[in-house]
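For reference, the structure discussed in these notes is given below.
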Amino acid sequence: MTMATRSVCQVFQRRFASAAASLRPLPAEVRSQRNAVFSREQARQRALYPRIEKIEVSMHGPGLDGTLLIMNRGMSTPLSCARHLTEHHVKNSALALVDGEPWPLHQSLTSSCSLTLLTFKDSDPTLVNQAYWRSCAALLGQVIETAFKDEYTVELLSTPEVAVTSGAFCCDVVLDPQLDSWTPSEESLRSLTRGAQQLIHQDQAWEPLEVVPSVALEVFSHSRCKQEEVEQKASQNPKGTVMLYRCGDHVLLSGGPLVARTGLCSQYEVTALHNLGQGSWGVQRRAQGLSLPLQLQAHHTVWRKLRQRAEKLVDAPGSEEVTPASPAQQPPTSQ
């Protein structure tokens, strides 16, 4: 290729990229559209219960066995039930079991059932810990999506399901091609941490909404990546539905239940943003973090050791295959 031809190609590439950017809706417009579809579907589902019908909720748990609550079908949630008990139950409950199945605290009850409120200090907190780790990853994705200027695109990929024992929760993301060579600094990670802490301080609810795929596809109409994820999750669910959550103005897909609210997080730190290499959607990165819930605290020396572990790249089974980045592209490992 001659120098003149190469120069012409570069000019066309820049113009094409500029034209594509001008046609792309602003992130705030995308969030607004997603919120509008979520609110419309939420209102439609609530309207399915025009008359107040009573259901019986049989409570289980320490000091609650034998407690029977009369609640409203399609309106009352496990959190509503907690409010009929004590302030302790309202503040400390993170998740629920409804007829033995994990159930978000803000999801409506549609029939008489047995209900157990779950906390981080239960004798077996496995389900709560899994939901917490998933929620921390959701929070990380929300922060990253809004951390960059409007001219930069941010595509959140399917969030890997990793065990709490992996040492860090994680969130896979593809940033704007203009940022392919960007290496995040320690200050960049601190800025992301501050963004997460602001959301935690606001104590925002994770609102669940179970929807059919067509609704989810409309929610994510600006993201081919998310549309593929919707179809995949729907095909894996026997009911053929997918679960959306909304936190503030951020709408996300989740592969499992989230805890009730951001305020249940306490110590929270974004520890790394690893460059994984080229994937089908672009240069793929794995953001990682560490957190402990409000009910569990760690001394600063213990936290420092946990943080060092959380900086190391988490191996997430089932993640998309990528072409590893060259050494020159790899972000330096924090010491």
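Working from Cα pairs under 8 Å separated by at least six residues, relative contact order for the range 126-311 is 27 percent. Listed by chain and number, the lysines placed with their C-alpha closer than 19 angstrom to that of Lys91 are Lys121; residues fewer than eight positions away on the same chain are left out. 3J(HN,Hα) along the range 146-157: 10, 7, 10, 5, 4, 6, 9, 7, 9, 10, 7, 8 Hz, from the Karplus curve 6.51 cos²θ - 1.76 cosθ + 1.60 with θ = phi - 60°, whole Hz, x for Gly and Pro. Take every Cα pair under 8 Å whose residues are at least 6 apart in sequence, average their separation, divide by the length of the chain, and the relative contact order is 17 percent.
For the range 98-104, 3J(HN,Hα) computed residue by residue from phi via the Karplus equation (6.51, -1.76, 1.60; θ = phi - 60°) reads 10, 6, x, 9, x, 9, x Hz, glycine and proline entered as x. Computed over the range 48-119, relative contact order equals 35 percent, with contacts defined as Cα pairs under 8 Å that lie 6+ residues apart. At full extension, Asn35 and Asp99 could sit 20.0 nm farther apart than now, given 0.36 nm per residue minus the alpha carbon distance. Against the chain, whose longest principal axis is taken from its Cα atoms, helix 186-202 shows a tilt of about 30°. For the range 56-72, the Karplus equation 6.51 cos²θ - 1.76 cosθ + 1.60, evaluated at θ = phi - 60°, returns couplings of 9, 10, 8, 7, 9, x, x, x, 10, 4, x, 6, 10, 10, 9, 10, 9 Hz by residue, with Gly and Pro reported as x.
For Leu95, the residues 5 or more places off, or on other chains, whose built amide H falls under 5 Å of its own are Leu118. Quick note on the range 131-252: its Rg to Rh ratio, both from C-alpha atoms and Rh being the Kirkwood radius, is 0.96.
Restricting the calculation to Cα atoms, the range 48-119 shows an Rg/Rh of 0.94 when the hydrodynamic-style radius is the Kirkwood one. Pairwise alpha-carbon distances in the range 27-148 exceed 17 Å for 64% of all pairs. Can you pull the Kirkwood radius for the chain, inverse mean 1/r over Cα pairs, to one decimal in Å? For the chain, the Kirkwood estimate is 21.6 Å.
All of the numbers you see were taken from the coordinates with simple rules; none came from a lab. Computed from a predicted model, the values in this text were never measured in an experiment.
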